[in-house]
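Comments concern the structure below.
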Amino acid sequence: MPESDVHFRPLSAPGAAIRSPSGIAARAFAFARSAAKRLPAAYALADAARAAALVAEQRRGLTVYHETNHAAPPFSGPVVLTIHDLSTLIVPQTEEPARVRHFAPALRLHARHAARVITPTKAIAAQVVERLGVSADRVRAIPHGVSERFNPEGATASPVPGKYVLYVGALGPRKGVDTLLAAWRALPQGVREEHALVLAGPLQRLDPTGLEDAALLGYVRDDELPPLLRGATAFCYPSRYEGFGLPLLEALACAVPSVASDDPALVEVAGGAALHFARGDVEALSHALSRIIDDTQLRISLIRKGPARAAEFTWQRSASAHLAAYRESAR
């Protein structure tokens, strides 16, 4: 959607710019970023660098600044602030201490002064109003989109042979992987012998407990992820707290029968196209996994519902809503 009166300038290179087909650049970037974040005052230094870049951009006529990572550096014009979630406030015990120390107070400070606050779900929008005291008329819930690469009809040559239940995402404590591992061990032996449990995602901050029951793929390249999803018997996203849950949406788009926790954002995104269980409830998740593997009618229903639900989430729609927020902020 071309807009001749609107021009965008990134302060830093987007993530796509550091990706490579082999994934080597992405892994190197992730390692360097993780190391840098452990430096003293790393977040303050990053804020200072962005603030200096903003001064230069404002001299070139920058009208509105969109901060996409929770806490905006000083800017004299209107700021649009994206808050993906409130994990540093609601589940701080699952986050890196340095991240909590920086973002918990920064969220409270900057959200109140933003011209518009964007969240990926209505669930997070409600938390922003309740926890941060932001007026509801300044908050916009704008969902993410899902790439057209994620669909039921593409390549099916999965990098994993045989039958498997799949998890995709970070493996830190907030994601509920410990609940998944315990629920997997509680399944009948026959189910576990017929299916593998596959975990795909960065291996940082990983608790080794129970990992002998799972196959760890580590980082998965962008081109490998859709066939990996299509080849799965089921997808599981057991997160304790989420802002959106893009891996769940990608699984739905690929018509994979999916189980997710009852986190409000995940229930909102799934929209009735996934099976839910109570967060942290091992027995409930084990029962849900049994159903989604063995219940043919349930599987047929979820396979039909998933792509239809995912089709409601497009990057075009997201971009249009962001543009409207920019225009509102510049008035």
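Below, the figures for the structure above:
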{"quantity": "130, 95, 148, ranked by accessible area, largest first (probe 1.4 Å)", "calculated": "148, 130, 95"}
{"quantity": "For residue 300, solvent-accessible area (1.4 Å; no DNA, RNA or ligand), Å²", "calculated": "100 Å²"}
{"quantity": "Rounded to whole Hz, the Karplus (6.51, -1.76, 1.60) HN-Hα couplings of region 104-109, x for glycine and proline", "calculated": "4, x, 5, 4, 4, 6"}
{"quantity": "Cα gyration tensor, region 52-141 - rounded (a/c under 1.5), prolate or oblate", "calculated": "oblate"}
{"quantity": "Accessible carbon and sulfur surface of the chain relative to its total accessible area, %, 1.4 Å", "calculated": "57 percent"}
{"quantity": "Dipole axis of the chain (+1 Lys, Arg; -1 Asp, Glu on Cβ), positive-most option in 142, 289, 160", "calculated": "142"}
{"quantity": "Formal net charge of residues neighbouring residue 133 (Cβ-Cβ distance under 14 Å; K, R +1; D, E -1)", "calculated": "+2"}
{"quantity": "Only Lys, Arg (+1) and Asp, Glu (-1) charged, at Cβ; the chain dipole about Cα centre in debye", "calculated": "980 debye"}
{"quantity": "Sequence of 223, 263 from largest to smallest accessible area, 1.4 Å probe", "calculated": "223, 263"}
{"quantity": "Accessible surface ranking that places the most exposed of 79, 55, 282, 128 first, with a 1.4 angstrom probe", "calculated": "55, 282, 79, 128"}
{"quantity": "FRET E, pair residue 126, residue 330, Förster distance 30 Å, beta-carbon r, rounded to 0.05", "calculated": "0.70"}
{"quantity": "Local electrostatic count, residue 77, Cβ distance below 15 Å [Lys/Arg +1, Asp/Glu -1]", "calculated": "+4"}
{"quantity": "Area of residue 138 that stays accessible when all protein chains are in place (1.4 Å probe, Å², to 10)", "calculated": "50 Å²"}
{"quantity": "Candidates 163, 305, 122: whichever shows maximal mean-square fluctuation once the chain is modelled as a Gaussian network with Cα springs under 10 Å", "calculated": "163"}
{"quantity": "Net +/- balance of residues flanking residue 151 in space, Cβ distance below 12 Å, scoring K and R +1, D and E -1", "calculated": "-1"}
{"quantity": "All aspartates and glutamates inside 20 Å of residue 163 as judged from Cα atoms, apart from same-chain residues fewer than 8 positions distant", "calculated": "153, 193, 194, 212, 213, 224, 250, 294, 295"}
{"quantity": "1.4 Å probe accessible area per residue over the chain, in Å²", "calculated": "49 Å²"}
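The values are calculated or read from the model by the stated rules, or taken from the named source; none is laboratory data. A quick note: this is a predicted structure, and the numbers were derived from the prediction, not measured. Heads up, the Cβs are rebuilt from the backbone with ideal geometry, glycines too, and the neighbour counts pull from every protein chain shown. When the accessible area is computed, the model is the full protein with side chains, heavy atoms only, and any ligands, DNA or RNA have been set aside. Shrake-Rupley method; radii C 1.70, N 1.55, O 1.52, S 1.80 Å.
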